[in-house]
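Since every read-out is calculated from the coordinates, none of them should be taken as a lab result. Since the model is a prediction, treat every value here as computed from it, not as a measurement. As a convention, Cβ positions derive from the backbone with ideal geometry for all residues, glycine included, and neighbour counts pool all protein chains shown.
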Ligand SMILES: *Cc1c(COP(=O)(O)O)cnc(C)c1O
């Protein structure tokens, strides 16, 4: 009865991927006194997987979740999620400070306006803050040469009980780049000089690793790790990697063939007549399109699985439909199952054909396609 385009989110895969992240975090820098912790990043509706369901599946294993903003945290609270939540961009206005504290959230402080605002308010109880240091991403964070001063101000404030230090990588998904090692070195040097001048800093917990760091940069695994994309089973790397290759994709995007036709050599398929048959062909039409989140930028040739076999997208992606060339399949019928991406065809591979990355494909899924969850027992 209903339109067959559907998203299935395997929550057991997310639990497995989280455990992999946590196991890698345990192999962190031996100098760490305490056992490292692994935040689960569930911003942007858990990268399109459904933040409430994902958070509930992880709630017992995870100390803390991370989201981008207070609205995302409140969405989780309204659904009954109780774990602490880190706001990765902190607060945007002064009223959000009290609201965030009430909602059991912690703030990243990334700029001087936020820091001054917090110093100027009067809180009932002192809080933990996460001071973000810019080690080369040049997007958020205070610059290394102001860290001493900012740290001194924060640690002297009666609003602040505990300071954690973090930074973010700009290029850790490139395994051949030496920029990540340089960011780790700059972060460590910054922390060391802080400790030399301000004894309090010795007790600060540290946080660097995103998924790429957790998977491939052992020196970045510190007190708090912050994996996102790997929890959803997508590798951040272009090339294969022994740890990333163990991840299980959580999102499967499926539909069905709803029409079949013969197209003669020289005839075209789809809007703009961009694809012309180079041979007499059998063309299958699938009930999925950019209105369901399949990228319109996907080019002819993009792989699609029909009955578990690879075929190629032909012509432009429409709002509700795509066409594929099934000439080489021995058997194909209306109603045949189609996987657009998932466990057998990586969203990352499809993304490459659409000039984007797997992160974007899964995150920007509209609500149109039904979402179903596979839950653990
Ligand atoms: C989104 C985000 C992460 C997670 O990054 P992944 O590449 O998805 O693992 C970690 N830290 C910060 C600050 C982020 O914004």
For this session: Determine, for 373, 187, the number of other Cβ atoms within 10 Å of each Cβ, and report the residues in order from fewest to most.
Result: 373, 187
For this session: Compute log10 of I(q)/I(0) for segment 251-374 with the Debye formula, placing one identical point scatterer on every Cα and leaving out solvent, at q = 0.09, 0.10, 0.17 Å⁻¹, to two decimals.
Result: -0.22, -0.27, -0.81
Seminar exercise, completed: Using the Kirkwood formula on alpha carbons, the hydrodynamic radius of the chain in angstrom works out to 22.5
Exercise. Gain in length, residue 122 to residue 153, computed as 0.36 nm per residue apart minus the alpha-carbon separation, to one decimal in nm?
Worked result: 9.7 nm
Problem set entry | Relative packing of 205-216, 83-94, 40-51, which averages over residues the other C-beta atoms within 10 Å, highest first | 205-216, 40-51, 83-94
Seminar exercise, completed: In vacuo Debye sum over C-alpha of segment 212-263, base-10 log of normalised intensity I(q)/I(0) at q = 0.22, 0.24 Å⁻¹, listed in q order, is -0.85, -0.95
Exercise. Any idea how far the Cα center of segment 314-343 sits from the one of segment 237-307, in Å?
Worked result: 6
Problem set entry | Three-way shape call for segment 32-134 based on the alpha-carbon gyration tensor, with the a/c threshold at 1.5 | prolate
Exercise. Under a plain spin-label model, where a point goes 7 Å from the Cα along Cα-to-Cβ, how far apart in nm are residue 19 and residue 334?
Worked result: 4.5
Exercise. For the chain, what proportion of DSSP beta bridges, expressed in % and rounded to the nearest 5, is antiparallel?
Worked result: 50
Seminar exercise, completed: Rounded to whole angstrom, the alpha-carbon centroid of segment 186-236 lies from that of segment 82-161 at a distance of 18
Exercise. Using the 10 angstrom Cβ neighbour count as an exposure proxy, how do 246, 6 rank, fewest first?
Worked result: 246, 6
Problem set entry | Calculated FRET efficiency for the pair residue 219/residue 193, C-beta based, R₀ 25 Å, to 0.05 | 0.85
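Compute the relative contact order of segment 11-233 as a whole-number percentage, counting only Cα pairs closer than 8 Å that sit 6 or more residues apart in sequence.
Reported relative contact order: 24 percent.
Using a ≥ b ≥ c from the Cα gyration tensor of segment 189-327 (square roots of the eigenvalues), is it rounded, prolate or oblate, where a/c under 1.5 gives rounded and otherwise the larger of a/b and b/c decides, a/b for prolate?
Numbers: a/c = 3.89, a/b = 3.54, b/c = 1.10.
Prolate shape, in that a/c is at least 1.5 and a/b is the bigger ratio.
I'd like the per residue volume of the convex hull spanned by the Cα atoms of segment 11-233, given in cubic angstrom.
Once divided by residue count, the hull of segment 11-233 is 116 Å³.
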Exercise. Stokes-Einstein at 4 °C, 1.567 mPa s, Kirkwood radius from Cα pairs: D for segment 229-289 in µm² s⁻¹?
Worked result: 87
